[in-house]
Amino acid sequence: MGTFGRKIVGSGADEIIKMLNKALADEWLAYYQYWVGALVVKGPMRPEVQAELSEHANEELGHAKMLAERIIQLGGTPILNPAEWMKNSNCGYDEPKDEHVLKVLEQNIKGEQCAIETYSNMLKKIMVEKDPITFHLVRKILEDEVKHEHDLQDLEQDIKMIK
Ligand code: FE
Ligand code: FE
Ligand code: MG
């Protein structure tokens, strides 16, 4: 922790750390959902879908790293036990029991939409707490989630056009 770096954030720092930890839980669950989804998925355009899911998995892992680093900078502790992920998550986890491409895509689109909503709400709260560094970080993640939703919906649309 940088003491002055935390001081400029002020009294809202603990609240921000809590929000960041909940988002961290979401990112790990999203990472695994994409990672395992890419392995089990079946159906039309499988290679394209697998490539997109794997790419998103890596990006979610990157988000987890950004969040954990910021938590530490603010003097907090990132969630240390995976058992805490489900308990703290905003968006939960959608088990890809049906491996059909369209089903897997639908689950992940739902996940991205939840992420977009969650990060948008976080931005509004962080604006009140006045922490420009966390604001910038969350804004960057939100930008990625918007792109994820777009990429998945494009794929879904293309697969539905196959006749
Ligand atoms: Fe993410
Ligand atoms: Fe995403
Ligand atoms: Mg993509």
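Read-outs throughout are calculated quantities, based only on the coordinates presented, and are distinct from any laboratory measurement. Keep in mind it's a predicted model, so treat the numbers as computed, not measured. Cβ sites come from the backbone with ideal geometry, for glycine too, and all protein chains shown count toward neighbours.
For the pair Asp98 and Glu69, what calculated FRET efficiency results from E = 1/(1 + (r/R0)^6), where r is the Cβ-Cβ distance and R0 = 41 Å, to the nearest 0.05?
Working: r = 36 Å, r/R0 = 0.88.
After rounding to 0.05, the efficiency reads 0.70.
Filter the GluC sites (Glu not before Pro) in the stretch 68-163 down to the DSSP loop ones having no more than 14 other Cβ atoms within 10 Å, then list what survives.
On the way: sites: Glu69, Glu84, Glu99, Glu106, Glu112, Glu117, Glu129, Glu143, Glu145, Glu149, Glu156; in loops: Glu99.
Answer by residue number: Glu99.
For the chain, restrict the atom set to alpha-carbon positions and state the Rg and Dmax in Å.
When restricted to Cα atoms, the chain yields Rg and Dmax of 16.9, 61 Å.
Work out how much length Tyr32 to Asn81 would gain on full extension: take 0.36 nm times their residue separation and subtract the Cα-Cα distance, in nm to one decimal.
Numbers: separation 49, 0.36 × 49 = 17.64 nm, distance 1.52 nm.
Contour length minus the Cα-Cα distance gives 16.1 nm.
Quick one: compute the contact order of the chain, relative version, from alpha carbon pairs under 8 angstrom and 6+ residues apart, as a percent. Intermediate results must be reported in sequence, preceding the final value.
Numbers: 181 pairs, mean separation 47.4, N = 163.
The normalised contact order for the chain reaches 29 percent.
Debye calculation, C-alpha points only, no solvent: report log10 I(q)/I(0) for the stretch 73-163 at q = 0.13, 0.21 Å⁻¹, in the same order as the q values.
With one equal scatterer per Cα and no solvent, log10 I(q)/I(0) is -0.58, -1.12.
Which stretch or stretches of the stretch 17-43 have amide N atoms under 13 Å from the point lying 7 Å from Ile133's Cα along the Cα→Cβ direction?
17
Measure out, as a whole number of angstrom, how far apart the alpha-carbon centroids of the stretch 1-72 and the stretch 129-163 sit.
13 Å
Which lysines, if any, have their Cα less than 24 Å from the Cα of Lys140, not counting same-chain residues under 8 positions apart?
Of all the lysines, those that pass the test against Lys140 - Cα under 24 Å, at least 8 places apart if same chain - are Lys7, Lys18, Lys22, Lys65, Lys110, Lys124, Lys125, Lys130.
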